[in-house]
1. Just to be sure I understand, how many residues within the range 191-217 are modelled with pLDDT of 95 or more and exposed (fewer than 13 other Cβ atoms within 10 Å of the Cβ)?
2. All but one of (1) in contact with a Gly (Cβ under 9 Å, 6 or more places away or on another chain); (2) surrounded by fewer than 18 Cβ atoms within 10 Å (Cβ to Cβ); (3) not aliphatic (A, V, I, L, M) hold for C7; which doesn't?
3. Starting from residues that are of a type in the set (A, V, I, L, M) and in a strand (DSSP E or B), keep the ones in the range 98-109 and report whichever is surrounded by the fewest Cβ atoms within 10 Å (Cβ to Cβ).
4. Among the residues of the range 20-44, write down those that are part of a loop (DSSP other than H, G, I, E, B) and either acidic (D, E) or under 16 Å from the mean Cα position of the chain (by Cα) (or both).
5. Residues in the range 139-152 that are surrounded by 21 or more Cβ atoms within 10 Å (Cβ to Cβ), out of contact with any strand residue (DSSP E or B) (no Cβ under 9 Å at 6 or more places or on another chain) and closer than 30 Å to D215 by Cα: how many?
6. Could you count how many residues in the range 160-189 are touching a Gly at 6+ places or on another chain (Cβ under 6 Å), surrounded by fewer than 21 Cβ atoms within 10 Å (Cβ to Cβ) and in contact (Cβ under 8 Å) with a residue 40 or more places away in the chain?
7. I'm trying to understand the selection: among the residues of the range 1-19, which are assigned to a loop (DSSP other than H, G, I, E, B) and either over 27 Å from D56 (Cβ atoms) or out of contact with any strand residue (DSSP E or B) (no Cβ under 7 Å at 6 or more places or on another chain) (or both)?
8. When you look at L74, is it part of a helix (DSSP H, G or I) and crowded, with 23+ Cβ neighbours inside 10 Å, yes or no?
Amino acid sequence: MGDKYPCLAARLVLDGYAVASVNYRLSQDAPFPAQIEDCKAAVRWLRAHAAENAIDPQRFAAWGSSAGGHLVALLGTTGKTKTFDVGNFLAVSSSVQVVVNFFGPSDLLSMGKMGRATGGMDHDSAASPESQLLGGPVQERAALARQASPTTHVQAGAPPFLIVHGDADPVVALGQSKLLDEKLRAAGNSSVLYVVKGGGHGLRFGPDVTKTVNDFLRTHLHPATK
């Protein structure tokens, strides 16, 4: 919504996590890839300043929903490359060790077809959020759309993913998360797709979802204990 507050993950500080909420440039201010460049810059800054903030630079999770889900998926799938690293602290890694993706777009070129099939948004329209992100209609900017799609960048060695999506989402079709989950697992990565029965675009997500996220983060971020 254009501001880092309120933060979906803020409650996690009560469980001992450090939480940073990231602002990034929106499409009306700058086209892609400004958004992922900003997110990667934030990760590098946090890692470069880990000691003074008493955080563990080797245990970073990225969690986002919708547009934020798209960006954390890109963080997770491009962690082994420098494609979107620009700005300060370039010697520091922008990788993350865990990704929690709530109903984020994963393949921009297929979103229009999926949306029409489910009676949802026409993502190929020049007025769609994805077209605005790319600076023009998605299908007319196919190369940039592929670059902006997390599925394009999937390779072995990605961090564990938890993907949460409602099966009644009218904005981003469930098929987007299914596609990303399939590609991640096909490349040998760990991915869990949690489908919320009757869930909309972040609506009707109950306590089971909260528990699933908590358990996932605990499994992958907590240090091994003897």
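1. Residues in the range 191-217 being modelled with pLDDT of 95 or more and exposed (fewer than 13 other Cβ atoms within 10 Å of the Cβ): 7 in total.
2. (1)
3. Among them, the one singled out is V98.
4. First, the residues of the range 20-44 that are part of a loop (DSSP other than H, G, I, E, B): 20-33.
Across the range 20-44, the qualifying residues are A20, S21, V22, N23, Y24, R25, L26, D29, F32, P33.
5. Taking the range 139-152 as the starting set, the residues that turn out to be surrounded by 21 or more Cβ atoms within 10 Å (Cβ to Cβ) are 141, 145, 148-150.
So of that shortlist, the ones also out of contact with any strand residue (DSSP E or B) (no Cβ under 9 Å at 6 or more places or on another chain) come out as 141, 145, 148-149.
Next, from what is left, pick out any that are closer than 30 Å to D215 by Cα: 148-149.
Total meeting the criteria: 2.
6. 1
7. M1, G2, D3, K4, Y5, P6, C7, G16, Y17, A18, V19
8. Answer is yes for this residue.
The values are calculated or read from the model by the stated rules, or taken from the named source; none is laboratory data. None of these values were measured; they are calculated from a predicted model. Please note: Cβ atoms are built from the backbone with ideal geometry, for glycine as well, and neighbour counts cover all protein chains shown.
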